[in-house]
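Inspection log for the structure reproduced underneath, given as structure tokens.
The values are calculated or read from the model by the stated rules, or taken from the named source; none is laboratory data. Every value quoted in this text rests on a predicted model; they were computed, and no experiment measured them. With ideal geometry, Cβ positions are generated from the backbone for all residues, glycine too; neighbour counts draw on all protein chains shown.
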Amino acid sequence: MIVGDLEVDLMARTVQRQGLILPVEGPSFELLACVLRHHPELAPMRAMEAAFVADGTSVSRQMQLLGEALAGSERYPNYLEMVAAEGYRLVAPVVPIAQDGRNRWRGPLVLASAVLGVLIFVLGLLSARP
């Protein structure tokens with residue numbers, strides 16, 4: 001899924017920004033996945049607590065750590081919003097992508113096809129000249 005300027009791969013359990021993997025793992029990733037599963041609705045606190053494997057920190061603290069790990073984007077300074085005592089929701093736009101990665105290569109393939117088309121056209125023009 002694309003979340004703002006992040007690419008979240010639920011199967012690989014990774015979060016990337018511009019090709020760089022961000023340090024979102026373990027409980028933080030579980031909570032992010034929980035919020036994504038509930039999107040566009042609010043992820044209720046009880047669902048967050050059920051998804052959270054306690055390591056001595058609270059859901060609120062773990063969400064704070066998640067927010068810090070995701071920080072660093074000027075376009076999307078906040079990805080998550082807390083609704084007091086109720087839960088969390090994503091505030092950045094979410095766009096699903098194919099789980100097999102087909103959409104990941106669509107842009108580069110279109111660009112490569114366009115460049116190849118222009119190259120063939122130019123070579124055709126050059127070879128047709130007397």
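Of everything in region 5-21 that is farther than 14 Å from Tyr79 by Cα and touching a residue at least 24 places away in the same chain (Cβ under 8 Å), the residue that is surrounded by the fewest Cβ atoms within 10 Å (Cβ to Cβ) is Met11. The residue that is modelled with the lowest pLDDT, among those in region 72-111 that are surrounded by fewer than 12 Cβ atoms within 10 Å (Cβ to Cβ), more than 17 Å from the chain's Cα centre (by Cα) and within 21 Å of His39 (Cβ to Cβ), is Ala85.
Among the residues examined, Ala54 qualifies as among the hydrophobic types (A, V, I, L, M, F, W, C) and at pLDDT below 90.
Take Gly26 and decide whether it is surrounded by 10 or more Cβ atoms within 10 Å (Cβ to Cβ), at pLDDT below 85 and on the phi > 0 side of the Ramachandran plot.
Working: surrounded by 10 or more Cβ atoms within 10 Å (Cβ to Cβ): yes; at pLDDT below 85: no; on the phi > 0 side of the Ramachandran plot: yes.
So Gly26 fails the test.
Can you tell me how many residues in region 10-30 are out of contact with any strand residue (DSSP E or B) (no Cβ under 8 Å at 6 or more places or on another chain) and not basic (Lys, Arg)? Spell out how you get there, then give the answer.
Narrowing region 10-30 to residues out of contact with any strand residue (DSSP E or B) (no Cβ under 8 Å at 6 or more places or on another chain): 10-13, 18-20, 23, 25-28, 30.
Among the residues that remain, those that are also not basic (Lys, Arg) are: 10-12, 18-20, 23, 25-28, 30.
Of the residues in region 10-30, 12 are out of contact with any strand residue (DSSP E or B) (no Cβ under 8 Å at 6 or more places or on another chain) and not basic (Lys, Arg).
Only one residue in Ala69, Ala33 is at pLDDT below 90, in contact with a strand residue (DSSP E or B) (Cβ under 9 Å, 6 or more places away or on another chain) and not in a strand (DSSP E or B), so which one is that?
Details: Ala33 fails: at pLDDT below 90.
So the residue among Ala69, Ala33 that is at pLDDT below 90, in contact with a strand residue (DSSP E or B) (Cβ under 9 Å, 6 or more places away or on another chain) and not in a strand (DSSP E or B) is Ala69.
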